[in-house]
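To keep things clear, I will list the structure first and then write my remarks on it.
The values are calculated or read from the model by the stated rules, or taken from the named source; none is laboratory data. Keep in mind it's a predicted model, so treat the numbers as computed, not measured. Virtual Cβ from ideal backbone geometry, glycine too; neighbours counted across all protein chains shown.
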Amino acid sequence: MATLTPTLTLTSTDATSDSLSFSVTDSLTVAAAGNRGLSRETITTSDNQELVDEGTSGVYYFYAKNTDSTNFVILQTTASVQYARLSPGEFCFFPVNDGNGLEARADTASCVLEYAYWKKG
């Protein structure tokens, strides 16, 4: 087993009537195998591209960043249930449920998606 340490920090002085400033860190146990290191893939508009195979058992922690400066990317299960819409430069980190898989599709034009995933230990 290995350890993955994600940290989320949110700060703002004008998003709400009160100042916002907090940080959350976790320690996640992940398997030593079955992971995909940081990768980049061109996501097209013509077809959904499978990133996490739905036939693979287990929960996966998934990171993605849309590196495009103009177009957005949709992340969804292999059954076309949408997880997220990543606008230009946006990123996400979330667990993919067991057996759901994950696909990406560019909306208007091809985009380069940076991503990685780790199998929950």
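Annotations for the structure displayed:
- Yes/no for Ser80 being more than 17 Å from Ala31 (Cα to Cα) and free of Cβ contacts under 8 Å to residues at least 24 places away in the same chain: no
- When residues of the range 89-121 are limited to those that are in a loop (DSSP other than H, G, I, E, B) and at pLDDT below 95, the one nearest to Ala32 (Cα to Cα): Gly121
- Selection count, the range 20-43, where residues are among the β-branched types (Val, Ile, Thr) and without any contact (Cβ under 8 Å) to a residue 60 or more places away in the chain: 2
- One residue stands out among those in the range 66-82 that are within 21 Å of Asn100 (Cβ to Cβ), of a type in the set (Val, Ile, Thr) and surrounded by fewer than 19 Cβ atoms within 10 Å (Cβ to Cβ): the one that is modelled with the lowest pLDDT, which is Thr78.
- Of the criteria (1) closer than 28 Å to Ala2 by Cβ; (2) modelled with pLDDT under 95, which one Asp18 fails: (1)
- Subset of the range 28-85 (residues that are touching a Phe, Trp or Tyr at 6+ places or on another chain (Cβ under 7 Å) and hydrophobic (A, V, I, L, M, F, W, C)): Leu28, Val30, Leu51, Val52, Phe62, Ala64, Leu75
- Complete set of residues in the range 70-88 that are in a strand (DSSP E or B) and polar (S, T, N, Q): Gln76, Gln82
- Looking only at residues of the range 44-60 that are touching a residue at least 60 places away in the same chain (Cβ under 8 Å) and under 14 Å from the mean Cα position of the chain (by Cα), we find that the one that is surrounded by the most Cβ atoms within 10 Å (Cβ to Cβ) is Tyr60.
- Figure legend. Inter-residue proximity from the range 7-19: first residues closer than 27 Å to Phe62 by Cα, second residues hydrophobic (A, V, I, L, M, F, W, C) and surrounded by 10 or more Cβ atoms within 10 Å (Cβ to Cβ), beta-carbon distance below 7 Å, spacing 6+ or different chains. Indicated pairs: Leu10/Leu20; Thr11/Leu20; Ser12/Leu20.
- For Tyr63, the test of being modelled with pLDDT of 95 or more and either surrounded by 14 or more Cβ atoms within 10 Å (Cβ to Cβ) or of a type in the set (Gly, Ala, Ser) (or both) is passed.
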